[in-house]
Amino acid sequence: MRVLLLGPAVQAYRAGLQSLVTTPWDFVDVGVAMDDPALSREIATADAAIAIFFDAKAPAAPRLKLLQVPGAGYDGIQIPALPTGTSLCNCFEHEPGCSEYAMLAMLEWSIRLSKADAEMRRGDWSRSSRFSGAPSGELAGRTVAVVGMGRIGRAVAKRAKAFEMRVIGVNRTVRADEPNLDGFFGLDQLADAVRDADFVVLGCALTPETTGLVDARVLAAMKRDAVIVNVARGPVIDEAALYDALSARRIGGAVIDTWWRYPAARQQDNAAAWPLRFDLLDNVVMSAHIAGWTVGTVARRTRVMAANLDRLARGEALANVIAIGGRT
């Protein structure tokens, strides 16, 4: 059987998949562009494909039974474009990395270790208690509102509780038995949930319900020194409203890992592509969608995807099926 690896985003999994599958598979590398002649040629005889993009421009794929996304989000896949009978599957396994990133963001904001390092290299001891420096913050006793109590949210709550934080959960469905929470609010109560929060961590999926969820009204409800951390998807926050709140210092700051727009590979070093010039704000910490991209994530996702390829080869039910082409 043949599986296509579409584009550079899936190359990190290639060697692991080849070593882990227990059924015979040929692995074929092709470009991610839907109009790539190589894709048109190879997908005609492919049984499976691993990709983060797939749209209506894709060539005919009469044998394709599995389109595997190597991550949780499948917003790059146009579900109506799935060939009839093709199962779209995703995988998770990024919650340790995303939750550790969220903890790092809160710790760094409180302690400013990178700033302390820069000061020390200049011979600046002004933060030291020896010279009456202002004390750093700490997480113990602070309140974090975790938006989205799925895999990422639960992992953040567990770690935040270990740091003796007060943890407020926000979710579409309010569950009484959720561990590690000191309070629980529905999504429609988000403005109330964030009023007393020192940190707001976004870990929810991007859906029509959560698009623009954090809007000007929610940002206005936050404390003036509160910090928002986004490891969900960029569009969960209203981009312009966040920029306005940050530039006017109506909130303390933001740590942004996921964005509203992403550059093409040839534009990856183009600062002009950054949304609304967040890089000009000194109360923003930015990263290029790295929170869940860890060696552990790669290893775990590789195992999940290899198991799905084996299931397909053996005619077994696939895991994490999102949709099947041709079905409403």
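The values are calculated or read from the model by the stated rules, or taken from the named source; none is laboratory data. These figures come from a predicted structure and were not determined experimentally. No Cβ is skipped: glycine too gets one built from the backbone with ideal geometry, and neighbour counts run over all protein chains shown.
Those residues that are in a loop (DSSP other than H, G, I, E, B) and at pLDDT 95 or above, I need them from the stretch 173-208; list them, please.
Within the stretch 173-208, N180, L181, D182, V194, R195, D196, A197, D198, G203, C204 qualify.
Residue check, P80 against (1) within 21 Å of R327 (Cβ to Cβ); (2) surrounded by 20 or more Cβ atoms within 10 Å (Cβ to Cβ), all met but one. Which one?
It fails just one condition, (2).
Any residue at all in the stretch 125-136 that is closer than 24 Å to S287 by Cα and either outside any loop (DSSP other than H, G, I, E, B) or of a type outside the set (V, I, T) (or both)?
Scanning the stretch 125-136 turns up at least one residue that is closer than 24 Å to S287 by Cα and either outside any loop (DSSP other than H, G, I, E, B) or of a type outside the set (V, I, T) (or both).
Collect the residues in the stretch 289-314 that are among the small types (G, A, S), touching a helix residue (DSSP H, G or I) at 6+ places or on another chain (Cβ under 9 Å) and assigned to a helix (DSSP H, G or I), keeping them in residue-number order.
Correct list: G296, A299, A306, A307.
State all residues of the stretch 194-204 that are among the aliphatic types (A, V, I, L, M) and either surrounded by fewer than 17 Cβ atoms within 10 Å (Cβ to Cβ) or in contact with a helix residue (DSSP H, G or I) (Cβ under 6 Å, 6 or more places away or on another chain) (or both); if no residue qualifies, say none.
Result: V194, V201, L202.
Given the criterion surrounded by 11 or more Cβ atoms within 10 Å (Cβ to Cβ), hydroxyl-bearing (S, T, Y) and under 17 Å from H289 (Cα atoms), identify the matching residue among S128, S110, S99, S136.
Just a single option satisfies the conditions, and that option is S99.
Pick out the one residue from L88, L64 that is assigned to a loop (DSSP other than H, G, I, E, B) and aliphatic (A, V, I, L, M).
None of the others qualify; the one that does is L64.
Using the structure shown, decide if L139 is at pLDDT 95 or above and closer than 22 Å to R233 by Cβ.
no
Give the residues of the stretch 38-61 that are buried (at least 20 other Cβ atoms within 10 Å of the Cβ) and in a loop (DSSP other than H, G, I, E, B), sorted by residue number.
A46, A51, A58, A61
Please enumerate the residues belonging to the stretch 227-251 that are touching a Leu at 6+ places or on another chain (Cβ under 9 Å) and more than 19 Å from R277 (Cβ to Cβ).
Within the stretch 227-251, V229, V231, A232, R233, V236 qualify.
Taking the stated definitions as given, is D198 in the same structural domain as I168 (by TED's automatic domain parsing), out of contact with any strand residue (DSSP E or B) (no Cβ under 9 Å at 6 or more places or on another chain) and not small (G, A, S)?
no
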